[in-house]
Amino acid sequence: MSMLTPQGLKGKQYRVTGNSYPRLGRPPKKSRKVVAALAGLLALALIGLGGVQLYDIFAGRNKNSSAQACATPSGKPLAAPAPGETPAATGAPAAQGDPHAIPQPASVTVNIYNATTKAGLAGRTAEEFKKRGFTIGKVGNAPAELDKKVPGTAQVIAGPTGAGAGTLVGSQIAGAAVTADARADATVDFVIGDSYNALLDETQAAAALALATKPTAAPTTAGSC
């Protein structure tokens with residue numbers, strides 16, 4: 001027999017005899033409460049830390065997305081597009097000294113040339129242009145360098161001072177090829193090609209002109225950009 005004081009017996013002494021041992025009691029309730037409180041505080045801390053990390057992840061992702069949207073491929077922020085003049089609409093007066101401005105049809109002299117084997121096509125096309133207010137210049141067969149060499153609907157030719165007039169004439173026919181030469185005046189040649197059937201109607205021609213003169217919009221982004 002011996003005297004033992006096992007842990008949990010609250011300082012009491014017990015005599016151990018034979019093969020029987022005293023049963024240990026449960027830890028004090030106060031200790032259990034302290035452990036539970038500590039566990040609760042640890043859980044709250046872990047939840048708070050996780051929330052902060054998730055916020056940082058999503059906030060960083062949104063910030064990076066905005067930075068990419070607000071930057072050019074070179075990484076520099078987009079500058080605000082500089083205000084510019086848009087081409088004049090059909091029938092509007094041409095800007096003084098601007099060869100690219102769209103003039104009034106009456107101020108455009110059109111030479112009509114037939115590069116096909118269909119007789120009388122230049123005369124009939126000239127009448128259509130005249131009905132639309134254009135001034136008609138020369139009417140006849142195409143020069144040798146273009147005769148039977150225009151596979152499309154038409155070829156429109158203008159000089160440096162007639163760029164806007166060439167755009168206006170080219171909008172009257174679908175699929176026209178608009179080219180430039182070195183002529184000094186603002187006249188425009190309309191050379192009828194093999195695929196020509198008729199001019200667009202005036203509504204279609206106006207839509208084609210609006211599309212041809214539509215300015216290219218600079219890319220913009222929403223938000224603080």
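Could you give the accessible area per residue of the range 139-187, probe 1.4 Å, as a whole number in Å²?
Here the per-residue accessible area is 45 Å².
Dimensions of the range 108-180 along principal axes (Cα, Å, largest first)?
On the principal axes, the range 108-180 reaches 30, 25, 21 Å in Cα extent.
Of the peptides 152-158, 209-215, how do they stack up when ordered by the mean number of other Cβ atoms within 10 Å, highest first?
152-158, 209-215
Using a basic spin-label model with each label point 7 Å from the Cα along Cα→Cβ, how many nm lie between D181 and A198?
3.0 nm
Report, as a whole number in µm² per second, the diffusion coefficient that Stokes-Einstein gives for the range 150-218 at 10 °C and 1.306 mPa s using the Kirkwood radius over alpha carbon pairs.
The estimated diffusion coefficient comes to 128 µm²/s.
In straight Cα distance, which aspartates and glutamates are under 16 Å from K148, not counting same-chain residues fewer than 8 positions off?
Partners within reach: D189, D194.
The values are calculated or read from the model by the stated rules, or taken from the named source; none is laboratory data. It should be emphasised that the depicted structure is a prediction, and the values quoted were computed from it without experimental measurement. Here Cβ is always computed from backbone atoms with ideal geometry, including for glycine, and neighbour counts include all displayed protein chains. Just so you know, the surface numbers come from the protein's heavy atoms only, side chains and all, with ligands and any DNA or RNA stripped out. Shrake-Rupley method; radii C 1.70, N 1.55, O 1.52, S 1.80 Å.
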